[in-house]
Ligand SMILES: Cc1ncc(COP(=O)(O)O)c(C=O)c1O
């Protein structure tokens, strides 16, 4: 019934999906963008709104995988990008914008003294891990269950339940055996699992994103910092989602815990161009310095489009706004209003559900307890799916059918949050809940 309504409203998307299936495996470029029976096809976006090819207007809470912090088609970034397109989007030589971007990142993010740009968060994680191995001269790495760091082999382990199944075929035992899995928000559990291991690094998302915006406990992060120092392993924060979003200095500023290496993505490219980057302590990043070392003494990083002027200028333009700090007051207040409002609605309607998140990031979990990790985040998938489609049919977009994740931007208003709250209330009033 709920899907029948969806089909009636999205006939043009259905036509495009039928065509897409002929040329794209599964009809999509990334499985996360698919939902049953087919996804919507978006035609344009502005501010907090998105329009699909059937001319439905949606209130968007997915915001380009959380990358769009100022709203879609943010004028200053569009203007800067247009100007740079005329001058040259891909020059193949050094240019001023790579310096501007690196400089502003080092000013904003407390632990980053030197910085390098990549083309994606996945790539940045790959180079970050390599750098940690190069610096410590150790092979093994440790990541947390349920944390997502992109498709890089070494980190593509235990992403979604069931955790004992590989998240992809084609991953070799050799690579998998070098990656140790850790329990999130459980310092004693971490201690036990790393006992006797020679670790190059421990990497984590300070807020576990795709499994439902579950924040690390502050004490847990502090403990992890001490533990890394104790065992001579580097601490890596994957701030692809939290970077420039929780605060201008990301999660490390918010928590007051400094990693050795930080990985960025999303917002770093102005929110609209493929981007990533990594940075950290001088003595660690120095291993990338070709003026001081021969190639066989370095940790390699590079790439045709890495730090290209279009992405770098877009990123710099956006960060120049974010560094003022005002935007965080606004988006964090929106996040707070949504979390409080949703908790209140669930409790008044006696629905067993919880809302997690921090700052502007939040997620709904139909679980008995407030989840602290990926396993406790497994909840009522039928209810979650129904909620997702109800929001969709009421012109509200979020990700994904199995778990609803939201990331409002500075273009969102209090009325937008109230709209989400009232549609949620309506959903809970339905007979099937
Ligand atoms: C925390 C985190 N790390 C890394 C990545 C991978 O970034 P990209 O998709 O740019 O490769 C993502 C993407 O969603 C992410 O959320």
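The values are calculated or read from the model by the stated rules, or taken from the named source; none is laboratory data. Since the model is a prediction, treat every value here as computed from it, not as a measurement. No Cβ is skipped: glycine too gets one built from the backbone with ideal geometry, and neighbour counts run over all protein chains shown.
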- Message: The conditions are (1) without any contact (Cβ under 8 Å) to a residue 24 or more places away in the chain; (2) assigned to a helix (DSSP H, G or I); (3) in contact with a helix residue (DSSP H, G or I) (Cβ under 9 Å, 6 or more places away or on another chain), and residue 402 fails exactly one of them. Which is it?
- Response: (2)
- Matching residues in the stretch 226-265 - criterion: being away from the ligand (no atom under 15 Å from the Cβ), within 28 Å of residue 70 (Cβ to Cβ) and not in a helix (DSSP H, G or I): 247, 248, 249, 256, 257, 258
- Item | Hits in the stretch 1-45 (condition: in a helix (DSSP H, G or I), surrounded by 14 or more Cβ atoms within 10 Å (Cβ to Cβ) and without any contact (Cβ under 8 Å) to a residue 40 or more places away in the chain) | 14, 15, 16, 17, 20, 27, 33
- Item | Yes/no for residue 183 being outside the structural domain of residue 407 (by TED's automatic domain parsing), free of Cβ contacts under 8 Å to residues at least 12 places away in the same chain and either away from the ligand (no atom under 14 Å from the Cβ) or on the phi > 0 side of the Ramachandran plot (or both) | no
- Of the residues in the stretch 46-75, those that are touching a helix residue (DSSP H, G or I) at 6+ places or on another chain (Cβ under 9 Å) and either buried (at least 22 other Cβ atoms within 10 Å of the Cβ) or under 23 Å from residue 334 (Cα atoms) (or both) number 12
- Tell me, which helices (runs of 4 or more DSSP H) lie completely within the stretch 113-204 with 3 or more residues that are closer than 26 Å to residue 287 by Cα and either touching a strand residue (DSSP E or B) at 6+ places or on another chain (Cβ under 9 Å) or at pLDDT below 95 (or both)? 121-136
- Query: If the Cβ limit is 6 Å and pairs must be 6+ apart or interchain, which residue in the stretch 321-348 that is at pLDDT 95 or above pairs with which residue that is assigned to a helix (DSSP H, G or I)?
  - Reply: 323/108; 334/417; 337/417; 338/417; 341/421; 345/424; 345/425
- Query: Is there a residue being buried (at least 19 other Cβ atoms within 10 Å of the Cβ), under 30 Å from residue 414 (Cα atoms) and within 16 Å of the ligand (Cβ to nearest atom) anywhere in the stretch 78-90?
  - Reply: no
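Residue-wise test of (1) without any contact (Cβ under 8 Å) to a residue 60 or more places away in the chain; (2) over 29 Å from residue 104 (Cβ atoms).
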{"residue": "146", "(1), (2)": "no, yes"}
{"residue": "149", "(1), (2)": "no, no"}
{"residue": "162", "(1), (2)": "yes, yes"}
{"residue": "166", "(1), (2)": "yes, yes"}
{"residue": "224", "(1), (2)": "yes, no"}
{"residue": "227", "(1), (2)": "yes, yes"}
{"residue": "248", "(1), (2)": "no, no"}
- Evaluation of residue 56 against (1) in contact (Cβ under 8 Å) with a residue 60 or more places away in the chain; (2) in the same structural domain as residue 394 (by TED's automatic domain parsing); (3) touching a strand residue (DSSP E or B) at 6+ places or on another chain (Cβ under 8 Å) (one fails), failing number: (3)
- Message: Here's a check for you: in the stretch 191-215, which residue that is more than 23 Å from the chain's Cα centre (by Cα) and in contact (Cβ under 8 Å) with a residue 12 or more places away in the chain is nearest to residue 378 (Cα to Cα)?
- Response: 193
- Here the residues within the stretch 147-180 that are within 16 Å of the ligand (Cβ to nearest atom) and exposed (fewer than 12 other Cβ atoms within 10 Å of the Cβ) are 168
- Task: Report whether or not residue 218 is more than 10 Å from the ligand (Cβ to nearest atom) and either touching a strand residue (DSSP E or B) at 6+ places or on another chain (Cβ under 8 Å) or within 21 Å of residue 132 (Cα to Cα) (or both).
- Result: no
- Working only within the stretch 350-378, note down all residues that are farther than 19 Å from residue 147 by Cα and not in a loop (DSSP other than H, G, I, E, B). 354
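For every residue, the table says whether it meets (1) within 16 Å of the ligand (Cβ to nearest atom); (2) touching a strand residue (DSSP E or B) at 6+ places or on another chain (Cβ under 8 Å).
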position	(1), (2)
224	no, yes
268	yes, yes
277	yes, yes
290	no, no
305	yes, no
313	no, no
